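*Asks:* The structure is given below, and queries will be raised subsequently.
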Amino acid sequence: METWVYEQYDMRVGRMEQRGASTVVWHKQERFLIVPADGRSEEELEERQQMSRYLRAKGVDAVGELVKTKHGTYIAPCQGQPFVLLRAPLPAARLRSLGRELALMHEYGRSCPLPITSCRRIGQWRELWAKRIDQMEAFWANMMAAGPASPFDRLFLESFPYYLGLAENAVQYVADTELDDEPLRVDYAAFCHERLPQAGWVEGTEAKLPLDWVYDHCARDLAEWVRHLYNKRGLGCQRAVRQFFQDYGHLAPLSSFAWRLVYARLLFPLPYFECIEAYYTTADREEQARQERALRQLLDASREYEQFLASFAEIAGIANHIRLPAVEWLPPAP
């Protein structure tokens, strides 16, 4: 890997350490990460680099930046696999709450004048979700015809109709929101994350990395963090959820349009889809066993999650001033 770094970037590595799927390298007192490109295009990476420059120009601390090879590209092959190199300063201590820090980052994104298209996801949830639903429904139909070959297959075949209904409700909820409600400035596209809970800066373990970002509605990050809090604490997450939304709302009060998108995203059973996809796209037995355990846990907790969805307005502290249209089949809020 040291030879590859020198050949691609003309950098001599001082020291190197492995960190999950990434490799940390040091060069002249600067810290860099070598990260798999994971199907990202040069166009996407250029947009993420522009976002990085914009945030650094605004004075945001510990923002990573992509490094081009000697050949002028962001992506460099290593043993047949595409990688990118990021300059990744050591993470700064976060002086604000997560809600406030996130609101500030989103606000910078809303005011960004750069044309961002490849990383743009705002307004695309319905289409992206519908495509994912159709693909999994076709896979399920084929397996129904062929019959299950493993215990996981049987769990998938039995559970999919329920989660299909949940996913279709989420798609319809977004459609109704876009028809019935009026977006405000807070609903402009912002610098968001593919999956906020997976971004290392949140826990103070990594810089803010451009590879984590997409250009989307703030509800993406808000819903994924609430989902994370629920996964950690179950129905006991109310205090943390309320505090998170209060902190965010100090800088960026949410519109009813935004609240409805947060709820729609929580309706969409993303953990289920990711679990099924992960199981059937790996040949690793340990990983398959891990996904089977995860699926069983999801299924065991499905009724409690229904209670969470039914009680969301109360949990978030908005029941008295925001009307979230009810999903009829959910149980009444306790």
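We did not get these values from a lab; they are worked out from the coordinates using the rules stated. Computed from a predicted structure; not experimentally measured. We place every Cβ from the backbone using ideal geometry, glycine too, and count neighbours over all the protein chains shown.
*Asks:* Just add up the charged neighbours of residue 246: K/R +1, D/E -1, any other residue whose Cβ is under 12 Å from the Cβ of residue 246.
*Replies:* Numbers: positive: 100, 239, 242; negative: 247.
Counting the neighbours of residue 246, the net charge comes to +2.
*Asks:* If you take all C-alpha pairs in the range 1-134, what percent of them are over 21 Å apart?
*Replies:* Roughly 52 percent, once rounded to a whole number.
*Asks:* Now a separate question. If you fit an axis through the alpha-carbon atoms of helix 42-57 and take the longest principal axis of the Cα set of the chain, what angle between them do you get, 0 to 90°, nearest 10?
*Replies:* The answer is roughly 80 degrees.
*Asks:* How much net charge surrounds residue 234 when only other residues with a Cβ under 13 Å from its Cβ are counted (Lys, Arg +1; Asp, Glu -1)?
*Replies:* Working: positive: 227, 232, 233, 239, 303; negative: 300, 304, 306.
Here the count lands on +2.
*Asks:* Enumerate the aspartates and glutamates that residue 208 could reach by cross-link, defined here as Cα to Cα under 12 Å, with residues fewer than 8 away along the same chain left out.
*Replies:* Here the aspartates and glutamates satisfying the reach criterion relative to residue 208 are 61, 65, 101.
*Asks:* Taking neighbour counts of Cβ atoms within 10 Å as a proxy for exposure, in what order, fewest first, do 237, 275 appear? Working shown, then result.
*Replies:* On the way: 237 19, 275 22.
Ordered from fewest to most neighbouring Cβ atoms within 10 Å, 237, 275 come out as 237, 275.
*Asks:* What number comes out for the charge environment of residue 302, summing +1 per Lys or Arg and -1 per Asp or Glu over other residues with Cβ under 13 Å away? Mind showing how you got there, number by number?
*Replies:* Numbers: positive: 296, 303; negative: 158, 300, 304, 306.
So the surrounding residues net to -2.
*Asks:* Within 10 Å of each residue's Cβ, count the other Cβ atoms and sort 154, 48 from fewest upward.
*Replies:* Working: 154 13, 48 28.
Fewest-to-most Cβ neighbours within 10 Å comes out as 154, 48.
*Asks:* Give me the Kirkwood hydrodynamic radius of the chain in Å, from all C-alpha pairs, to one decimal place?
*Replies:* Working: mean 1/r = 0.0461 Å⁻¹.
Kirkwood hydrodynamic radius for the chain: 21.7 Å.
*Asks:* How many angstrom separate the Cα center of the range 18-42 from the Cα center of the range 211-232?
*Replies:* Measuring centre to centre over Cα atoms gives 23 Å.
*Asks:* Still on this structure: Report the antiparallel proportion of the DSSP beta bridges in the chain as a percent, rounded to a multiple of 5.
*Replies:* On the way: 25 of 27 bridges.
Bridges in the chain that DSSP calls antiparallel: roughly 95 percent.
*Asks:* Taking the chain as the reference, fit the longest principal axis to its C-alpha atoms, fit the long axis of helix 219-233 to the helix C-alpha atoms, and give the angle between the two in degrees, 0 to 90, nearest 10.
*Replies:* So the inclination is approximately 70 degrees.
*Asks:* Can you compute the helix-only [θ] at 222 nm over the chain? Use -39500 (n - 2.57) per DSSP H run of at least 4 residues, normalise by all residues, nearest 500 deg cm²/dmol. Write out the running numbers ahead of the final one.
*Replies:* Working: 12 runs with 171 residues, N = 334.
Taken over the chain, the calculation gives -16500 deg cm²/dmol.
*Asks:* So if I take the centroid of the Cα atoms in the range 90-136 and the same for the range 149-189, what is the distance between those two points in Å?
*Replies:* Between the Cα centre of the range 90-136 and that of the range 149-189, the gap is 19 Å.
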